[in-house]
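Contents: one structure, followed by commentary.
The values are calculated or read from the model by the stated rules, or taken from the named source; none is laboratory data. All values reported here derive from a predicted model rather than from experimental measurement. Note: ideal-geometry Cβ built from the backbone for every residue, glycine included; neighbour counts use all protein chains shown.
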């Protein structure tokens, strides 16, 4: 949902939103988040990725601003890079962006976010629905539901869906 009127890029970049908001062509866009299954899954994924960071040569950033074009900034739930990043806004495509669905998310808005990431040059986007216990992997031209594990190549990362959803079940009462 939009908040307010058209805002210049400079104002967006100098404003701290709680929680942080996307910026799309002058419009501030709120992100759906904050529920236990979303937060629990995000924390668990960060922990799993962090435990593999040295082996895979990756760096993990939760909710970092990513400038996907001159007038668009997106905040993925988790961004993974293969190189150290400069302070501030991420202006190079991450290797992987992870999006976790919230109950209020509309697929049209989620697909627009994923398209922005892929068009920017992000190699992998993972979309995870903690309530339905489903996941999808997106790459340039390929969008597929994942049955067993979310995977990447070069570097190789594999996250078992069973492991992710079992850990979530330990923390969240459905």
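Within segment 79-90, restricting attention to residues that are in contact with a strand residue (DSSP E or B) (Cβ under 9 Å, 6 or more places away or on another chain) and farther than 17 Å from residue 110 by Cα, which residue is surrounded by the most Cβ atoms within 10 Å (Cβ to Cβ)? It would help to see each step written out before you state the result.
Looking only at segment 79-90, we keep the residues that are in contact with a strand residue (DSSP E or B) (Cβ under 9 Å, 6 or more places away or on another chain), and these are 79-85, 89-90.
Narrowing the set further to residues that are farther than 17 Å from residue 110 by Cα leaves 80-85, 89-90.
Details: 80: 26, 81: 18, 82: 14, 83: 10, 84: 6, 85: 15, 89: 12, 90: 20.
Filtering first and then ranking leaves 80.
Which ones in segment 112-126 are surrounded by fewer than 18 Cβ atoms within 10 Å (Cβ to Cβ) and either under 13 Å from residue 72 (Cβ atoms) or at pLDDT below 95 (or both)? Don't jump to the end; show me each part of the working.
Going residue by residue through segment 112-126, those that are surrounded by fewer than 18 Cβ atoms within 10 Å (Cβ to Cβ) are 112, 115, 119, 121.
Selection gives 112, 115, 119.
Test residue 78 against the criterion of being under 16 Å from residue 124 (Cα atoms), at pLDDT 95 or above and under 11 Å from the mean Cα position of the chain (by Cα), and give yes or no. Steps first, please.
Details: under 16 Å from residue 124 (Cα atoms): yes; at pLDDT 95 or above: yes; under 11 Å from the mean Cα position of the chain (by Cα): yes.
Spelling it out, residue 78 is indeed under 16 Å from residue 124 (Cα atoms), at pLDDT 95 or above and under 11 Å from the mean Cα position of the chain (by Cα).
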If we ask which residues in segment 91-111 are at pLDDT 95 or above and more than 13 Å from the chain's Cα centre (by Cα), their number turns out to be 2
